[in-house]
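One structure below.
Please treat every number below as a calculation from the coordinates, not as lab data. These figures come from a predicted structure and were not determined experimentally. For neighbour counting, all protein chains shown are included, and Cβ atoms are generated from backbone atoms with ideal geometry for every residue, glycine included.
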Amino acid sequence: MTITSQEFKQANARAKALKASTPAATSAYFDRKSGNIIVTLSSGVGIFFSPNDAQGLEGSTPAQLSQIEITPSGFGLHFPKLDADLYVPAILEGFLGSRKWMAARLGAQGGKSRTTRKAAAARANGTLGGRPRKSAAGR
C-alpha cells in the first residue's frame, strides 16, 4: 500500500490536532498495593484502571505488568512482557479494548444478570424442552 504525500500531510494534520486537544500520558506504572494501572496525563490529571478490565492485560501477573512503555506521542501504552498495547485517547473515552472485545464483555455481564424477566424467559424456554442434551458419543 502506497501513501501519497497528500495523505501523509492529512495524517500529520490530524495528529497535530489530536495532540493539541487530547492529554497524553507522561508516566504509567502498575501499583501492586491497589492492583491498578496508574497513568499521569500531561494535563496533570491521573487515571487508574484494573488490568483485568483491559484487553490483553486480563489475568496478567504483577511481574508482567511491572514494565510499561509510553510511546513518543504519549498516546500509547505498551506492555512488553505481554506484547499488549492500549490507546490513551480511547482509555479517556472509557474504552479499554476493541469494540468486539468490549461487546463481548458487556454480553457476559448481561448473561450474569438475574431479573424476574430473565428467569421467566428461562422457565418458558424450559417448558419447550430447553437445550438439547449432549450425547455420550458427541463428547
Exercise. Sticking with the crude label model, points 7 Å out along Cα→Cβ, report the distance from Ser5 to Arg133 in nm, one decimal please.
Key: 7.5
Practice problem: For the stretch 1-48, state which trypsin sites (Lys or Arg not before Pro) are in a DSSP loop and have at most 15 other beta carbons lying within 10 Å of their beta carbon. | Solution: Arg32, Lys33
Quiz item: How high is the FRET efficiency from Ala120 to Phe95, r the C-beta distance, R0 41 Å, rounded to 0.05?
Solution: 0.75
Quiz item: To the nearest 0.05, how large is the calculated FRET efficiency for Lys16 and Val45 if R₀ is 22 Å and r is the Cβ-Cβ distance?
Solution: 0.50
